[in-house]
Amino acid sequence: MREGAPPLDAKHGAAVQAVLEAAPRPAGIDAAVSLSNGVLTLSATGGPLAEAKISRAHFFPFEGGIIDHAADQTAQRGANGLTLSLAQGGEIRAKGLNGPISGVLATDIGAWEITAKPGPALAGASGQGSLSGEAGGGKPSSTLDLAGIARSALFALIGGLILNLMPCVFPILAMKAASLAATAHQAREARRDGLLFGVGVLATFLVLAGLLLALRAGGQAIGWGFQLQSPAVIAGLSLLMLAVGLNLSGVFQIGAGLQGAGSGRLSRLSGGAGAFFTGVLAVVVAAPCTAPFMAAALGAALLMPWPAALLVFLMLGLGLALPYVAISFSPGLLRRFPRPGPWMDRLKGLLAFPMYGAALWLAWVFSRQTGADGLGLLLIAGLTAALGLWLFGLTQTERAHGRKGLIAGLAAVIVLAATLGLAVLAGRSPVVDDGPSSEGRALSAQPWSAEAVSAAQGEGRPVLVNFTADWCVTCKINERAALSSPRVAEALQQANAVYMVGDWTRRDDAITHELERRGRSGVPLYLLYPAGGGEPRILPQLLTEGVVIDSLKSAR
C-alpha cells in the first residue's frame, strides 16, 4: 500500500487489492490487425505469449462496435504467439479499419492489455493448431488426440484411394498404364517401379505438406492447392505436361543414351527414375482435386501439431499410390497384360493426348489468372519448347551423330533457353481480377463476402455459396452438372435464394479463413444458409442436380 494512502477496508479491502493487482496491464506484446471480407485477423506475439502453452484465448476491445461479440472467435497458436479471427462489428462495418484497436487479450494463463496496429499478420503467430475450449472458438484441441488422429488418417487413406478416380488424375493414369505395360512381364522391374512410384508420391506429399505447414506457421493464410494460385507454377506445369506428351509421342526420349550403354545398372536408371518422377507428377497434378473423405481429413490435419499433420498427409499419399503398388506386386494381374511389342508404341502415342489435354487446361487456367497477354507469352513458350525438344530428339537419332548432332544439340539448347526466358516472363505477368468467372454458369451469381451473406439472411433469403477455383476440376464438373441447369435456376428463384461465388483461383485470405472455419483446407465447398438465419448446411463435394434442388426446398 502506498504511503499516505487511506487504509484498506477491513472487510473487502484485501479482495479489492487482489483484483487490482491481477487486472490486465501491458506486457510487451506486439499485435497487428487486418480486415478482409468482414473478418478481423488479430495476431499477437512476444512477451508472455512466447512459447507459452495457451489453450484458450478471447479478445475484448475497449470500444464498442469493433467486433460482433455474439460471433465465435476462432484461434490458432504459433511458435511465438497466437492468431484470432473475429467478426467485425457495426463501427468497423460502417467506417472500416482506420486505426489501431486496443483491448484485453484474455487467455487461460493470464490477461493483458494490447494495442493492435493495422498491418499483416505477425510471423510466428499461427501454424501449430487451433486452441481448445470455448474461449478459443470451440474448435477441436490441437493436442495429440489419438482417436482423432487415427480417424483423420483413415479418412485420408480412403480419400487418397478415391483420388485415383478423380478427373484431374486421369493424365497420370495414362502414364502409369504405359509404365505397367512396359514392365508387366518383368516381375523384378515391375516391383521396383511400383515401389519407386510410391516413394515419389510419399516424398512429394511430404515436401508439399512441410511447405504448407511452414508457410502457415509464418502467418500465411493458405490451404490445399495453394501452389496453383501462382501463375508461375501454372505456366511451369503446363509446359511440363506438354513435354511429357511429346515424350510419349516419341519426339524425344529420356535416358535413351543410358539405355544403350549395356545391360548394367545404368540401363535401368531411366525406368526407376521415370517411375519416381511419375509419382512426383501424380501428386502435383492431383493438387487441384479434393476427393470425398479427403477434405475433412486435411482440414483437421491443418489444426493438428505438425507430426500428426504430416502423418495424415502421408496416409493420403499412401492411398493415392496403393492401387499401383498393389498391382505391381500381383503376378497374376501382371500376366494378364499383353506381352511387349509394337502395340506399346501405339499405346504410348495414344496416351500422350491426355497430357496434351492437361497442358491446354492449365493454359486456360493461366489465362484466367493473367489475361490474354500472359497467355500469349505462354503459347509462344509452348511453341519454342516443342521446337527445342524436337531438336533434342534429333540428337538421339542415328542420322544426327557427328557434326549434325552437334548443331542440333546447340540449337536445342538455345531454343530451350529461350523457352525458359519466355516462361519466366509469362509467370511474371500481372494478375488480373475480373471477379468470379461466370463462364458455364446459368445462374446469376454475386461475389461472396461475409457481409453479403449476413445482409441476404437479414432479408429472410436463403444463400447458396459456391467456393470454387478455375484450377479445381471437380468444381468445374459440379458447376456444369449440378449448378448450371434450368431446374436449379428455377429452384433458386422459387426459394428466393441468393447464389454467391467465392473464387479461390487467386489467393484470397478471407476465403481461406472461411474454409478453415468450416473445417476444410481447399475447394470445392458448398454452403447453404437457411432463410431464417443460423449456421449453414455443408453440401456434398460431388453435387447432383437433385441434391441442390432438395436442399433449396428445405432451406425455404
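The values are calculated or read from the model by the stated rules, or taken from the named source; none is laboratory data. All values reported here derive from a predicted model rather than from experimental measurement. Cβ sites come from the backbone with ideal geometry, for glycine too, and all protein chains shown count toward neighbours. Accessible surface areas use protein heavy atoms only, side chains included; no ligands, DNA or RNA. Shrake-Rupley method; radii C 1.70, N 1.55, O 1.52, S 1.80 Å.
Could you grab the pairs with beta carbons closer than 7 Å, sequence gap of 6+ or different chains, first residue in segment 160-185 and modelled with pLDDT under 70, second one outside any helix (DSSP H, G or I) and among the small types (Gly, Ala, Ser)?
From residues that are modelled with pLDDT under 70, there are no pairs.
Is it true that some residue in segment 543-554 is in a helix (DSSP H, G or I), of a type in the set (A, V, I, L, M) and at pLDDT below 85?
Within segment 543-554, none of the residues are in a helix (DSSP H, G or I), of a type in the set (A, V, I, L, M) and at pLDDT below 85.
Scan segment 389-415 and report the pairs whose first residue is surrounded by fewer than 17 Cβ atoms within 10 Å (Cβ to Cβ) and part of a helix (DSSP H, G or I) and whose second residue is among the β-branched types (Val, Ile, Thr) and at pLDDT 80 or above, with Cβ atoms within less than 8 Å and a gap of 6+ or a chain change.
Trp390/Val251; Gly405/Thr395; Gly409/Thr395
Being in contact (Cβ under 8 Å) with a residue 60 or more places away in the chain and in contact with a His (Cβ under 8 Å, 6 or more places away or on another chain): is that true of Phe337 here?
yes
Looking at segment 446-469, is at least one residue surrounded by fewer than 22 Cβ atoms within 10 Å (Cβ to Cβ), at pLDDT below 90 and on the phi > 0 side of the Ramachandran plot?
yes
Kindly provide the set of residues from segment 63-86 that are open to solvent by less than 30 Å² (accessible area, probe 1.4 Å) and either of a type in the set (A, V, I, L, M) or in contact with a Pro (Cβ under 7 Å, 6 or more places away or on another chain) (or both), ordered by number.
Ile66, Ile67, Ala71, Ala75, Leu82, Leu84, Leu86
Give the residues of segment 65-105 that are closer than 12 Å to Ala116 by Cβ and assigned to a loop (DSSP other than H, G, I, E, B), sorted by residue number.
Ile66, Leu97, Gly99, Pro100
Read through the list (1) at pLDDT below 65; (2) among the hydrophobic types (A, V, I, L, M, F, W, C); (3) in a helix (DSSP H, G or I), then give the number of the only condition that Ala291 fails.
(3) is the only condition that Ala291 fails.
Within segment 513-556, restricting attention to residues that are within 20 Å of Gly159 (Cα to Cα) and among the basic types (Lys, Arg), which residue is most open to solvent (accessible area, probe 1.4 Å)?
Arg520
So that you can scan it fast, the table gives a plain yes or no per residue for (1) assigned to a helix (DSSP H, G or I); (2) within 16 Å of the chain's Cα centre (by Cα); (3) more than 30 Å from Ser152 (Cα to Cα):
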site: Ala300; (1), (2), (3): yes, yes, no
site: Leu316; (1), (2), (3): yes, yes, no
site: Phe337; (1), (2), (3): no, no, yes
site: Lys348; (1), (2), (3): yes, no, yes
site: Phe353; (1), (2), (3): yes, no, yes
site: Leu360; (1), (2), (3): yes, no, yes
site: Val365; (1), (2), (3): yes, yes, yes
site: Thr370; (1), (2), (3): yes, no, yes
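Let me spell it out: the conditions are (1) open to solvent by less than 30 Å² (accessible area, probe 1.4 Å); (2) at pLDDT 85 or above, and Leu443 meets all of them except one. Which number is the exception?
The failed condition is (2).
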